[in-house]
Every structure is written in C-alpha cells, then in structure tokens.
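See structure below.
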C-alpha cells in the first residue's frame, strides 16, 4: 500500500459520466444504485467470511476488525461510486489488470473523499483511492501503476499475512521469541517495508505488460515523495488580494520562501514504508532486465484524466474548508483560478476561507487553524507568512472587502448576504479597529498625497516649531521621531500598517457606513450577551420535526473491549426506537440510518455524508458563532426533509466497577459493612451513557446538548426511556 498505517490489519475511450459542471460545482456525490458492499451488515460479512476461511492462522479477531473497520469507511458517506472519478478509475483498472484474466472482476474500486494522498486495499478485494491522491497525479500511467501496486497487496495476501506476522512479532512468537520490545517494533517496521517492496515488484510485473510508459513508475514515486506539498508549487502573487480600492503593501509578504528540503533518501526508521530512494532503486533493478515497449502516458483518455483530477482538486477545497484548513484552501484556489477564471465556486470558497480566518483571529482562536511556518515549505510559505502576520483588524477588512465585492458581482445572493452581514458585525465589534480611522481615500491615493507632502515640507522649520512649543520633553521627542521617520521614507512605512483603513474608501464617501457600524456596536445585545443567550437552558424548544442522524451504539464488556457485532445490533435497535410513535409527543421524526439504506437510497447515502461533514465542522467550531462552510448545502438538505433540526446521538453500554467514595470509607469503619463495601467495589455494574446534540442548520448552532448516565442495563426498555426523555424536552414548549 502507499500508506499501510491506516489498515495494517484490514486488510470505451472517454465516458459520459461527467455531469458535474465546474462552473456550478458544489460537492461530489455518488450516483446510481448503492453497491452490495454498502448494504450487507458487517456481522453478516464477518460470520460468512469466518465460516469459509481456509487460512488457519487467521483468527476470529481478524474478521471482526477488518469487516467492521472497512464498513465504517463504506457507510460514512465519504465513499464515491458510479460517479465520474470512480468510473474513470475503474476503466483504467480494467485495462491495467487485463493481462491477468478475471482479476479485475474480483475487485471493487471506490473513491474516498479525503485530502490524504493515499490508496489502500483490503483482503476483501476493495481498493480505495483518495481524492487527495487523484489531485496530485500527473498522468493516467501513474494511476495505473498505483492500481497495480494495490492489486498486488490483494493477490499476494499481504493484509492477511501482515496480520498474522504482526501478532507473532508483538507476542514474541517463533523467530521473534526472546527479542526486546524495541527490537520487535523494529521487526514490525521491517516486515511492512518488505511487503511494500514486494507489492512494488509484483505491481511492476503487471504494469510492464501494458502500453504505459516505463518512466512513469519513477515519476509516481516522485509524486508520493512530495505529496505533503500542494498539488502545484508556483509563486504566490502578492497582488492576489488587491482590488480597485484595497491594496495590500508588498512589505507584508516575505522576500524569501522556505525551500523544499525532503530528499529521496530520507530516514525511514520506524516507518511502515521504505523511503522513496529504496523503492526507486528496487524498481530500476526490476525494470532493467525487462523488455517493455510502453510509451503512453494516457490510454483511456487524457481529457478524462484531467477532468477527474480537476474534480478531485475542487472537492478537496470543500474538505479543507470543513476541516478549517483555510490557508491551504486559499493557495489551492489561487492555483485553480489561473485556469478557471471567474469560477463562482472558487470565488465563494475564497470568501469562506477568508471569513473563517477572520472569525478565528477575531475570537483569539487563530492558533487552532494556523500552520506552523517551520513546517511549511515551497511557494505557499509566502501566503502562510502573510496570513500569520495580519492583525485581527487587517484580516477582518480583507475578508469584508472580499465578501462585499463578491455580492456586487452576484447581487441578491442570500448566502453572500449572510456572510457579508456577519463580517460587518465582526467589523463593528472588532476591538482591533478604530472606526474613526477609516479613510475616504484609497491606499495608493493616500500614499501619493503623502509623498507630495513630504517633498514640499520644510523639516527644519517644523522641528524648530516643536522645540519652541510648550510641549513636554516626552512629547517633543516623540513628535520629532515620527516626523523624521515619515520624511525619511517614501510613505510606505508610515502607511503600511494601516493599509486596511484605506481598503473601504468607496464606502466612506458619506458617513452612512460608519454610522451603521456604530449602530451595530451600540446595539442592546453585545457579543458577550449573544454567547450567554446561546448557552442558556435549552429545554422545551417546541420543535415539531427533526432528523435523527445515524445513531451510534457501542457495547463493551467488563474488560472495556467493544463487542462489535452486539454494537451493530444495538445500533439497529436504537434506530427502531427513534421511529416509534411516542404518545403525548407531537413530533415528526425522520431517521437517516446507514444500516438501513437500500439499493435505491442513493440520496440518503449522499445526504448522510454531507451531514456528517457538517456536524464535524460545527463541533470543531465549538461555541464560536459562525456560518459553516457547508451551510448552502445543508439548506438544500433541510428543504428536502422539511426541517432544519438534526439530532446526533450515541449510546454506550458498558460494565465498570464503582470508584471508591466517602460512603465506602464510612462503611469500612464498621466491621459489619465491610463485606457490603467490598462487594460494591469488586462487582461490575451495568451502565448506559447517552449523549445527544441537536443542531439547527438554519444558523449552524447547537440548540440542545445533554449527556445522561444510568446505572442500569442497556435493554430496549431503558433505551426507550432515555430517548423519550430527550424527545419530550425537545418537543415540549416552554411555559
């Protein structure tokens, strides 16, 4: 595998599937019928594969961990099938694997929406390729080699063999007996490297039977070597954020970048993969004595490859925004806008990224979303350094300017109006901004005026006037220093730090804009009061409809280890309880459950993926009141279900021993109660932990949150009681 750490034990020219217009891009979705891989219960897969298993070295735990682990990915809503990306990958795979008769038919290729540059296979014949990898590739031939590599993991049974070998290494069995723990860990790493080189070798054997160019094998390794960098490394234009009014001084950008340092022969000690030099050397040794006439970079379609790669790059911007990787998203947008000018999706994504940076800077949480400059290499360094150095006020104005201008381009756009208004609120309440300092002149106009002034200024006369004044010594020194600093410069150093005060000059023609900001600032509800209002008691909301999103259930034994088949059954039971028509509740409930999706439920599957992405983003924002990057998509889903209320819940059923308390201490003081105290502490008790979070998609805010723990069994009756309690609180109206 390219990166084996994720699943060490988990083991027609051209096509008509392109329905996604990049000018109207929103988000990639699966289509058609849902494959059987997504529909069969994990417990059924586990039981069937265990029963038919012929490898005595594989135990029960292998099939439980792999089947449930892979299904967690499949049922996440993050996997694409029957879409342009997976269709193209399957076409390339069908050709690349054609020398081995019947091999392609044994495999299923899916696309995983992830910014990780990765591909991995399972012992079930499922091969995942991430959008992050597709975004980085430079040719179809490179994709074909990766497919051959991953297929070799399957045909050589590497996932199964690695599981067995890993168990022997960790337990110190057979040839590993007597080795120290550190030595065993080293052996584990060495074995993983061996399987990777073996997969490279078998993959090369298969690849060389195609018409693909031999050199692309080496090029594919180069893609992997620099996969930690953006998909292109081009100089960032310091004028990128400039508009007709706003000018960012060049002094805010560093003169130099941090050069790319990674070499092919990097230290791979402790890694599951050999370094790139070892893989290239191994590949060259294997290629040297082969005869191959392959010269093609593209066999299926060059146009389709580029289209797929662009779609993956666009999708990855969605993923970066949702994961709060704002600055890297901006750099990707910058690169893509060179080819896709005036692209609405890219323009709105840029606004969302600037908005996110402004919100996190304003609320002193920028450290959560910033990237450490020492870890940034290549041309994107200048952008990261620029964003890092901006003050809260400068960032706020930059974001507002962008949102305001975009709204002028796309007037009456409700989404843009929402972002612009929230940034205006931030602007009014930004403690880093003095509203009276905003200028009606642009930065360049002010700079020209300042230069003209300094050229005609008599500095000696001004200094003499200061010396003759009645000002204090401190003020005289301060004024003379500022005067000399101003006149010894070309105006840049004096104005640069205040460039943002000139960035809204067109809005300062009259006093209306400043009046609006002051009115917002003087409103009765301050930001602190808003937070208090949002955190007040949220019982009795009077909600009459909601969507229950994929309830989670986990059943653990006394040893703390989760019982996966029992958890799956409990999850199904939990969803069924939610669908119960509770008396006394005037509540319409829709349950979106990954375990009950049918072959025709493609819309439910796609909705589940987007809702989960939205939920993760909302939870990462925590109590920060902001618009989610997927707000426009969630608005459409809310319309589909007829409600903006989405309930996320999970139930943990486990056994645990009681902690020692003061009550136990008192009991020990009497000899008669010692047996009772000991029994109470030694015997494991049944517990249920039920957590619910209700989020309103209209405002991207958590409306209800509750965590309940019961000292009781996790049976149907007790779960029903807990669910009814929560639904009653949500449905009831306050008195």
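Things to note:
- Residues of the stretch 244-278 classified as surrounded by fewer than 14 Cβ atoms within 10 Å (Cβ to Cβ), over 29 Å from the mean Cα position of the chain (by Cα) and in a loop (DSSP other than H, G, I, E, B), total: 4
- Among the residues listed as 231, 298, 241, the single one being part of a loop (DSSP other than H, G, I, E, B), assigned by TED's automatic domain parsing to the domain that holds residue 198 and modelled with pLDDT of 95 or more: 298
- Residue list for the stretch 305-323, restricted to those being more than 15 Å from residue 22 (Cβ to Cβ) and out of contact with any helix residue (DSSP H, G or I) (no Cβ under 7 Å at 6 or more places or on another chain): 319, 323
- Number of the condition not met by residue 521 [criteria: (1) modelled with pLDDT under 85; (2) surrounded by 15 or more Cβ atoms within 10 Å (Cβ to Cβ)]: (1)
- Test: residue in the stretch 538-547 that is modelled with pLDDT of 90 or more, surrounded by 13 or more Cβ atoms within 10 Å (Cβ to Cβ) and under 27 Å from the mean Cα position of the chain (by Cα): yes
- Residue 43 being at pLDDT 95 or above and over 25 Å from the mean Cα position of the chain (by Cα): yes
- Here residue 113 meets the list (1) touching a strand residue (DSSP E or B) at 6+ places or on another chain (Cβ under 8 Å); (2) over 26 Å from residue 600 (Cβ atoms) almost entirely, failing just condition (2).
- Filter result (within 33 Å of the chain's Cα centre (by Cα) and either in a loop (DSSP other than H, G, I, E, B) or surrounded by fewer than 16 Cβ atoms within 10 Å (Cβ to Cβ) (or both)) within the stretch 577-592: 579, 588
- The condition of being at pLDDT 70 or above and on the phi < 0 side of the Ramachandran plot holds for residue 166.
The values are calculated or read from the model by the stated rules, or taken from the named source; none is laboratory data. A quick note: this is a predicted structure, and the numbers were derived from the prediction, not measured. In this analysis, Cβ positions are derived from the backbone assuming ideal geometry, glycine residues included, and neighbour counts consider all displayed protein chains.
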